[in-house]
């Protein structure tokens, strides 16, 4: 009996080893709140259309190697991910070149000092991305420029969703940062009047 696995959802697991052996039938991969020492999804990713990863520590070069052959990828979501190497970051150039059919892109992770440039380097557009979701857990001065840079890479963008965590601003610096971000968003909405901008705050 042959089992065709098209959807794999790993949720709230603590594993030493997870290995998937298949023949490329997987279309939807979701990983949420999983701790795994060794992850191997092998040759099962060629036909992936959705990759949704959240609350997960990721070794980006290795994970990218898993999904890089998924040329039909339509949705990519990295939400609340932590990079195993503090100098790693998901760069938009790699995404644009590797996944030309991508329509929905969601990214939320800590933008550390000195890494913003690397996340926006290159000039390849995210040609087919129509929905862009960007978020933060702790807002920083890097978030506004990152949002602007990502929008510029999406010439056919129709919808932008900003998701963030708003805690009470207790210091003068925090209040200034929130005020600056608010002004930035107003300017952004004036420039990109054709984009539906939505906000979801916790």
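The values are calculated or read from the model by the stated rules, or taken from the named source; none is laboratory data. Values in this document were obtained by computation on a predicted structure and should not be read as measured data. Positions of Cβ are backbone-derived with ideal geometry, glycine not excepted, and every protein chain shown enters the neighbour counts.
Between a residue in region 179-202 that is surrounded by 10 or more Cβ atoms within 10 Å (Cβ to Cβ) and any residue that is at pLDDT 90 or above and in a loop (DSSP other than H, G, I, E, B), which pairs come within a Cβ distance under 7 Å, given they are 6 or more apart or on different chains?
195/157; 195/158; 196/158
Report the residue count in region 71-92 for those that are in contact with a helix residue (DSSP H, G or I) (Cβ under 8 Å, 6 or more places away or on another chain) and either surrounded by 15 or more Cβ atoms within 10 Å (Cβ to Cβ) or touching a residue at least 60 places away in the same chain (Cβ under 8 Å) (or both).
So the count comes out to 8.
Yes or no: region 119-128 includes at least one residue that is under 14 Å from the mean Cα position of the chain (by Cα) and at pLDDT 85 or above.
Keep residues of region 119-128 that are under 14 Å from the mean Cα position of the chain (by Cα), which gives 119-120, 126.
Still in the list and also at pLDDT 85 or above: 126.
Yes: region 119-128 contains one or more residues that are under 14 Å from the mean Cα position of the chain (by Cα) and at pLDDT 85 or above.
Condition check: part of a strand (DSSP E or B), under 24 Å from residue 147 (Cα atoms) and modelled with pLDDT of 90 or more. Does residue 97 satisfy that? Reasoning before the result, please.
Values: part of a strand (DSSP E or B): no; under 24 Å from residue 147 (Cα atoms): yes; modelled with pLDDT of 90 or more: yes.
Spelling it out, it is not the case that residue 97 is part of a strand (DSSP E or B), under 24 Å from residue 147 (Cα atoms) and modelled with pLDDT of 90 or more.
For region 30-52, how many residues are under 17 Å from residue 102 (Cβ atoms) and touching a helix residue (DSSP H, G or I) at 6+ places or on another chain (Cβ under 8 Å)?
Our first condition is that a residue be under 17 Å from residue 102 (Cβ atoms); within region 30-52, this holds for 30, 45-52.
Remaining after also requiring touching a helix residue (DSSP H, G or I) at 6+ places or on another chain (Cβ under 8 Å): 45, 48, 51.
Residues that pass the stated criteria total 3.
Could you tell me whether residue 138 is at pLDDT below 80 and either more than 18 Å from residue 48 (Cβ to Cβ) or more than 13 Å from the chain's Cα centre (by Cα) (or both)? Lay out the reasoning, then the answer.
Working: at pLDDT below 80: yes; either more than 18 Å from residue 48 (Cβ to Cβ) or more than 13 Å from the chain's Cα centre (by Cα) (or both): yes.
So residue 138 passes the test.
Within region 70-91, how many residues turn out to be over 11 Å from residue 57 (Cα atoms) and assigned to a strand (DSSP E or B)?
3
Got at least one residue in region 60-69 being more than 17 Å from the chain's Cα centre (by Cα), surrounded by 13 or more Cβ atoms within 10 Å (Cβ to Cβ) and in a loop (DSSP other than H, G, I, E, B)? Step through it out loud before you land on a result.
Keep residues of region 60-69 that are more than 17 Å from the chain's Cα centre (by Cα), which gives 69.
With the extra rule that they be surrounded by 13 or more Cβ atoms within 10 Å (Cβ to Cβ), the set shrinks to 69.
Right, trim to in a loop (DSSP other than H, G, I, E, B) and you get 69.
For region 60-69, residues more than 17 Å from the chain's Cα centre (by Cα), surrounded by 13 or more Cβ atoms within 10 Å (Cβ to Cβ) and in a loop (DSSP other than H, G, I, E, B): present.
How many of the residues in region 150-171 are modelled with pLDDT of 90 or more, over 13 Å from the mean Cα position of the chain (by Cα) and surrounded by fewer than 19 Cβ atoms within 10 Å (Cβ to Cβ)?
5
Does residue 147 qualify as being within 13 Å of residue 201 (Cβ to Cβ), surrounded by 15 or more Cβ atoms within 10 Å (Cβ to Cβ) and at pLDDT 80 or above?
Details: within 13 Å of residue 201 (Cβ to Cβ): no; surrounded by 15 or more Cβ atoms within 10 Å (Cβ to Cβ): yes; at pLDDT 80 or above: yes.
Against the criterion (within 13 Å of residue 201 (Cβ to Cβ), surrounded by 15 or more Cβ atoms within 10 Å (Cβ to Cβ) and at pLDDT 80 or above), residue 147 does not qualify.
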